[in-house]
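My questions all concern the structure below.
The values are calculated or read from the model by the stated rules, or taken from the named source; none is laboratory data. Because the structure is predicted, anything quoted here is derived from the model rather than measured. Cβ coordinates were reconstructed from backbone atoms using ideal geometry, including for glycine residues, and neighbour counts include every protein chain displayed. Side chains are part of the model used for accessible areas, which takes the heavy atoms of the whole protein and leaves out ligands, DNA and RNA. Shrake-Rupley method; radii C 1.70, N 1.55, O 1.52, S 1.80 Å.
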Amino acid sequence: MIKTIAITSAALLLMSAPAMAAACSGSFALTGDLFTEAEKNDYNQDLLRGRGIDAVRTEMWGGCIRAWVRLPGGQEEMQFFEPLTLRRVE
């Protein structure tokens, strides 16, 4: 019984891994060693701000752009964006 549960759990994890990885492409417009990580983060922040998203700071994380976004009430919320399309990942 325990062996069956362990095998089922492992199978579920393996099947869900590709779906989780597909959330963002992991491709960034600025690649290679020409730019520092800080420059890439500033660039992504500028791109988001150009789209009307009040990004306070950004970083590349897990294939996504992770941004801390200022909300209308003044609070900050962490949000994730697809690097190539800047589509928000839910």
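Looking only at the stretch 72-86, which residues are open to solvent by 40 Å² or more (accessible area, probe 1.4 Å) and modelled with pLDDT of 95 or more? Break it down into steps so the answer makes sense when it comes.
Our first condition is that a residue be open to solvent by 40 Å² or more (accessible area, probe 1.4 Å); within the stretch 72-86, this holds for 72-78, 80, 84-85.
Listed by number, the residues that qualify are GLN75, GLU76, GLU77, MET78, PHE80.
Still on this structure, I have one more. Determine the pairs where a residue that is within 13 Å of ARG51 (Cβ to Cβ) and among the polar types (S, T, N, Q), located within the stretch 66-86, has a partner that is open to solvent by less than 70 Å² (accessible area, probe 1.4 Å) and not in a loop (DSSP other than H, G, I, E, B) with Cβ atoms under 6 Å apart, the partner being 6 or more residues away or on another chain.
If the second residue must be open to solvent by less than 70 Å² (accessible area, probe 1.4 Å) and not in a loop (DSSP other than H, G, I, E, B), the pairs left are GLN79/ALA67; GLN79/VAL69.
While we're on this one: Checking the conditions here, which among MET60, MET20 is modelled with pLDDT under 95, open to solvent by 50 Å² or more (accessible area, probe 1.4 Å) and part of a helix (DSSP H, G or I)?
Of the residues listed, the single one that is modelled with pLDDT under 95, open to solvent by 50 Å² or more (accessible area, probe 1.4 Å) and part of a helix (DSSP H, G or I) is MET20.
Any idea which of ARG66, ARG49 is at pLDDT 95 or above and open to solvent by 90 Å² or more (accessible area, probe 1.4 Å)?
ARG49
Answer with yes or no whether LEU14 is part of a helix (DSSP H, G or I) and at pLDDT 95 or above.
Judged against the criteria, LEU14 is not a match.
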